[in-house]
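Student: Dropping the structure in here first, questions after.
The values are calculated or read from the model by the stated rules, or taken from the named source; none is laboratory data. The structure displayed is predicted, hence computed values, not measured ones. Note that we place each Cβ from the backbone using ideal geometry, even for glycine, and neighbour counts take in every protein chain shown.
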Amino acid sequence: MVTVYTTNNCAQCFTTKLALKKRGIAFEQIDITGNAAMQEKLKSRGHRSMPVVVTDTDEWAGFLPHKINAIGGDE
């Protein structure tokens, strides 16, 4: 399963979700806008930008096409 943590008006979030959709990768979106506790949790894990993408085997922040391509499709 892929989870994408997003915020409002985030260009990298939009682009990441679009790339996942184009590759046929199913994902759950969690909007953390206004959720200070979740924002702090992601910061404590070292993330300083959005989106934060979490897979079964990897985790990263920002739009990283090579990471999306490594996931594969039909997840």
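Student: Would you mind finding the one in MET1, MET50 that is surrounded by 12 or more Cβ atoms within 10 Å (Cβ to Cβ) and touching a residue at least 40 places away in the same chain (Cβ under 8 Å)?
Tutor: Within the list MET1, MET50, the selection yields MET50.
Student: Another one. Within the stretch 53-75, work out how many residues are surrounded by fewer than 11 Cβ atoms within 10 Å (Cβ to Cβ) and within 18 Å of ASN9 (Cα to Cα).
Tutor: Within the stretch 53-75, residues that are surrounded by fewer than 11 Cβ atoms within 10 Å (Cβ to Cβ) and within 18 Å of ASN9 (Cα to Cα) number 0.
Student: Further question on the same structure: Consider the stretch 38-47. How many of its residues are touching a residue at least 12 places away in the same chain (Cβ under 8 Å) and surrounded by 14 or more Cβ atoms within 10 Å (Cβ to Cβ)?
Tutor: 3
Student: Here's something else I'd like to know. Return the pairs, sorted by first residue and then second, in which the second residue is part of a helix (DSSP H, G or I) and modelled with pLDDT under 95, the first residue lies in the stretch 16-37 and is under 17 Å from ILE71 (Cβ atoms), the beta carbons are less than 6 Å apart, and the residues are 6+ apart or on different chains.
Tutor: These pairs meet every condition: ILE25/ILE71.
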